[in-house]
Every structure is written in C-alpha cells, then in structure tokens.
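Below is one structure; the comments refer to it alone.
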Amino acid sequence: MVRRSRRYLRETLKAYLFLLPSFIVLGIFLFWPLVFSFVLSFFRWDFAHQKNPYFIGLKNYMKLFEMRVHPNFSFLTSISHTLMYLSISVVILVLFHTLFIERRKALRVSVFLGSILLLGFLTNHLSAILFQILWIVIFVVILYSLKKYGYSKLIFDKFFSSTMILIVSYIVLRNFLLPYGKDIISYLNIAKEGSEFIKAIYNTTYYVILSTPIGIALSLGVALLLNRITRLKAFYRTSYFIPFVTSIVAISLVWQWIFNDDYGLLNYVLSWFKLGKIAWLKDERWTIPTIAIVAIWKNLGYNAVIFLAGLQNIDKFYYEAAEVDGATTFQKFIHITWPLLSPTTFFILVVSMIGSFKVFTMVYVLYEGYPGPYNLSGLTMVYYIFRKFYEEQRMGEACAAAYMLFLIILVLTVFQLRIGKEKVQYEA
C-alpha cells in the first residue's frame, strides 16, 4: 500500500513537472495580466499618475455610470413601469396559450391574474414609492402563480412563440395602449446621451440582438440547403466558409467600398428597384445595422458548417418513419430536425453572443478610426475600453470597463446555460 502511494506521488510529480512549462507561460501571459488588470481597476492610473497610481476603491466603476444628462424620472420608476408592462404581457401570454387548451382553467387563472392587474391600476394615484413597491409585488405574485398553476413549463415548451408574444404585447402596450414613456427603454434612451459607457452598452446590446438571431437563422437556412446538395459539395462549403477565415480588416475594407454612398455596390443594387440611396456610413441610424450586416456575412459560413455537421448526425431513420406517417417537410423540420439540432443551436448561440459583445475591428476599419460617423453611434464596449486605454490614457477606468463587460457576458452565459438545461435535447 505504501509502495503504491509512493508510486502514485512520483507519477503525479512527474506529470506536473511536464506541465510546468505550460503553467509558466499561462501564468505570465494570461493569469498575471488578469489579476493585475483587476487590481488596477481599483486604482487611479492615468497619464498624470503613470508612475504613482493610487487606490480609489470603486470610483472607477462608479464613474462609468455618471451621467451628464439625467432623465426626469428615477431608475426605480422605470423598473416599476417595465414590470407593469411585463405583468400585462404575461397575462396576455397565458390567455393566448391556454384558451384553446384548457378553457376552464384558463378562465379561472385569467380572472385571478386580471384581478391583480385591476388592483394595480386602481392604485395608480399612489405615491411614486408605493407605486414601485406595488408593481414589484404584482410581478412576483404573477410569476409565482405561473409556477403554481404549471404555466411556466408551458411557456418554456413554447419558448419561441412565447417570446414573440411577449415582445409584441410589450411593444403595443408601451407605444399605443399605455404610452407612459417611463419604462427602462425610455430611461436608457435618455441616459445613453449623458454617459458614454451606457451608450456603449446600449449600442453593443442593439448589435447583439440584431446580429445574433438573424445570423443563426440564415446559417441554419444555408446549412439545410448545403445538406440537400449532391454535386459540388466541397465547392459550396468552401465558398461559404472563406469569409470566416479571411482577415477581418480586409473584409471591412471591401464592405467600406460596398457601403459607399456614391459608387457603392449596395446602393447600385437598390437603384434597380427604384429605391433611393442610403447613407450607410454617414447616417447614425444605420451604424449598428451596417456593422451587423458585415458580421452576419462573415460568420455565416462558420455557423453553417457547424449546423451542417449537426444535420448529418441526425439518423435518417426518423425522417423515414415520419414519411411513412405522412409528415410534411415543415412538420419534419419542426418535430425532428429542430429538436435534434438543439445542442448545435445552443453552442452556436452561446459562442455567437460572446463574440458579438467583443465587436471592435469592424467599427474601427469601417469608420476609419472613429466610433461611427457622429454622436458616437458606433461606440461599442470594446471600443470604449480602447478609447479609455490608448487614446485617453486612463488605464484604471479601462480595466473597470473591461471587467464590467466580463460581468455582463458571464451573467448572460450563465442564464443561457440554465435555459439550456431545460431546452436542449442531447439524446434522441
């Protein structure tokens, strides 16, 4: 026994000695910079204090959210109005999903939830603090009711349709039925003009929401087409994959010419349909969509190849059995292809979202070293960190912003992993 333990210790020691060079390299170029930058985020280290940085605690983090222009309503007020819209949207969702399934139960639950909402509207004359507390309580009660009556599982089972209903309901309530203009979206629209960091978060989030779903949907469509092709498979796959391995600087320069207002290819194509020219690189409204177009085109081939690998791993037996039962092509996609592709979709979703939050090079090249044409319309979080570190020489603030970006990505990734445990089907 003693000999075995000695032998185990000796073999373990040898293994770690072989790994020691890798640990040293990782420590120098990865772990040490991470630890040093985190410590640096609590210090004031800029051009004026380059040789003698001093500890300032959380001031770098607090400075990120300082606003020159303040909204005329508080952040808590925006949260309470947002929860009000969400509460009504959830009730609409419950009614939509259950009226045609369990009418008696739906009627009972809708009367209960409707009574709660009516109580909230009858007390709208309360003070701001009581209004905020009331709608937080109402939202919590509605969530508890969903779990108690078994609707949370129904919503997760119909995740895509539930999300679309919630979004449409929220937009209609906010803009037409109850246009108070005090929700979190209104707050951020005002706050982003008073804080560069908040604007960077806003622009980055807009870019992620715009590019990730569209990119995944188009990639899946391309993968389905490639999976049906019988001739020249290698040629088509390579053609779609080439943009992904091409230098992002070269791609951005080519797209800079395509987006040109006067002689760009895109406006020339639009002229065929009698459409006016679009100032792709000069109008701030088109800044984020322009960047998203380039990103979707670049990553399309990589995502399509991953989807194609997932499609080819699905056993043909399922499709043959579905054909025997008379299933249509759409039914086979909904009930066989899409569920069995959930691990692949989940992987692409996580990787795409993390990559989208790190967008920088395309903005820098497309707009020739500026964060958009004007009004910082292309200022992303990584571009904000770049400006603080290299242009303004405020290294402490740059480190704080970097760790805020890390925190946002971490929270979203953990949320996706939690959802993935319930939605991803790893076995047929």
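Read-outs throughout are calculated quantities, based only on the coordinates presented, and are distinct from any laboratory measurement. Since this is a predicted model, take the numbers as computed values, not measurements. All Cβ positions, glycine included, derive from the backbone under ideal geometry; neighbour counts span all protein chains shown.
Tell me, what ³J(HN,Hα) does each residue in region 188-203 have, in order and in whole Hz, if you take phi through Karplus 6.51 cos²θ - 1.76 cosθ + 1.60 with θ = phi - 60° and put x for Gly and Pro?
For region 188-203, the Karplus curve yields 5, 4, 7, 5, 5, 7, x, 9, 5, 5, 5, 5, 5, 5, 4, 5 Hz.
Just the Cα atoms of region 195-328: what Rg and Dmax do they give in Å?
Looking at region 195-328, its Cα Rg and Dmax stand at 19.0, 61 Å.
Where the eigenvalues come from the Cα gyration tensor of region 298-365, what are the semi-axes √(5λ) of the equivalent ellipsoid, largest first, in whole Å? Could you put the intermediate results ahead of the total?
Working: eigenvalues 223, 20, 20 Å².
For region 298-365, the ellipsoid semi-axes come out as 33, 10, 10 Å.
Find the Rg to Rh ratio for region 158-199, where Rh is the Kirkwood radius over alpha-carbon pairs and Rg uses the same atoms.
On the way: Rg = 13.4 Å, Rh = 11.8 Å.
Over the Cα atoms of region 158-199, Rg/Rh equals 1.13.
What number in nm² do you get for the chain if you take the convex hull of its Cα atoms and divide its surface by four? Please list the in-between numbers first.
Values: hull surface 131.1 nm².
Quarter of the Cα hull surface area: 32.8 nm².
Ordered by residue, what ³J(HN,Hα) values in Hz, to whole numbers, does region 393-399 give under the Karplus form 6.51 cos²θ - 1.76 cosθ + 1.60, where θ = phi - 60° and Gly and Pro are x?
6, 10, 5, x, 5, 5, 5
Which log10 I(q)/I(0) values does region 2-64 give at q = 0.13, 0.14, 0.18, 0.30 Å⁻¹ under the Debye formula, counting every alpha carbon as one identical point scatterer?
The Cα Debye sum returns log10 ratios of -0.58, -0.62, -0.75, -1.12.
For an R0 of 30 angstrom, estimate the FRET efficiency from the Cβ-Cβ distance between ARG228 and ILE171 and round to the nearest 0.05.
Details: r = 37 Å, r/R0 = 1.22.
With a Förster radius of 30 Å, E is 0.25.
Which pairs in the list LYS199/LYS358; LYS63/LYS282; LYS277/LYS358; LYS59/LYS182 are over 21 Å apart, alpha-carbon to alpha-carbon? Can you show the working numbers first?
Details: LYS199/LYS358 15 Å; LYS63/LYS282 30 Å; LYS277/LYS358 30 Å; LYS59/LYS182 28 Å.
Checking Cα-Cα distances, LYS63/LYS282; LYS277/LYS358; LYS59/LYS182 exceed 21 Å.
For region 196-423, how big is Rg over Rh, using alpha carbon atoms and the Kirkwood form of Rh?
1.03
Where does each of 47-56, 292-301 land if you order them by average Cβ count within 10 Å, highest first? Mind showing how you got there, number by number?
Values: 47-56: 10.6, 292-301: 20.9.
Top of the packing list down: 292-301, 47-56.
What is the pair-distance distribution P(r) of region 298-428, computed from all Cα-Cα distances in 5 Å bins starting at 0, with each bin given as a whole percent?
In order of increasing distance, the bins hold 2, 9, 14, 14, 14, 12, 10, 8, 7, 5, 4, 2, 1, 0 percent.
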